[in-house]
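Structure record follows, encoded as structure tokens.
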Amino acid sequence: TAGHEVVAVENGELAAGIWDAEAPRVGLMISDVIPVGGRGWDFAMNANYQGHRPLLMFMSAYPRTYLEETRHPALEYPILEKPFDFEALLLALGEVLG
């Protein structure tokens with residue numbers, strides 16, 4: 001999409017498998033802040049392969065005010081609020097990727 005190769009996974013376990021196999025090729029990781037059955041932000045923030053860390057962006061259905069009130073660590077990174085459309089995703093990607 002939009003000139004980027006995208007790999008989508010359903011859960012953190014599959015994401016870990018992709019990361020283990022493809023880490024050097026991953027330039028940006030987008031994760032839900034609080035996905036069903038896991039802590040996406042935790043996996044993404046700890047993704048490191050021989051010193052290679054991808055850029056990070058998060059998405060969340062939780063309002064930003066909730067994340068601020070709970071002092072969620074994902075707030076250090078760009079967060080795309082759900083629901084969002086393709087245009088909002090492209091704008092966010094442009095900001096993150098420069």
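The values are calculated or read from the model by the stated rules, or taken from the named source; none is laboratory data. Computed from a predicted structure; not experimentally measured. Cβ placement follows ideal geometry from the backbone for every residue including glycine, while neighbour counts extend to all protein chains displayed. Surface areas here come from the heavy atoms of the whole protein model, side chains and all, with no ligands, DNA or RNA. Shrake-Rupley method; radii C 1.70, N 1.55, O 1.52, S 1.80 Å.
Values for this structure:
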item: Carbon plus sulfur fraction of accessible area for the chain, probe 1.4 Å, in percent; result: 54 percent
item: Amide proton proximity set for Leu28, modelled H, under 5 Å, gap of 5+; result: Leu55
item: Hz values of 3J(HN,Hα) by residue in the stretch 49-57 - Karplus curve (6.51, -1.76, 1.60), Gly and Pro given as x; result: 10, 6, x, 7, 10, x, 5, 10, 9
item: Mean residue ellipticity (222 nm) of the chain, computed from DSSP H runs ≥ 4 via -39,500 (n - 2.57), nearest 500; result: -10000 deg cm²/dmol
item: Cβ charges +1 (Lys, Arg) and -1 (Asp, Glu), total dipole of the chain, debye; result: 200 debye
item: Sorted peptide list for 14-21, 27-34, criterion being average Cβ within 10 angstrom, highest first; result: 27-34, 14-21
item: Accessible area of the chain divided out per residue, in Å², using a probe of 1.4 angstrom; result: 68 Å²
item: Furthest towards positive pole of dipole, Ile34, Leu90, Ala23, structure part the chain, Cβ charges; result: Ala23
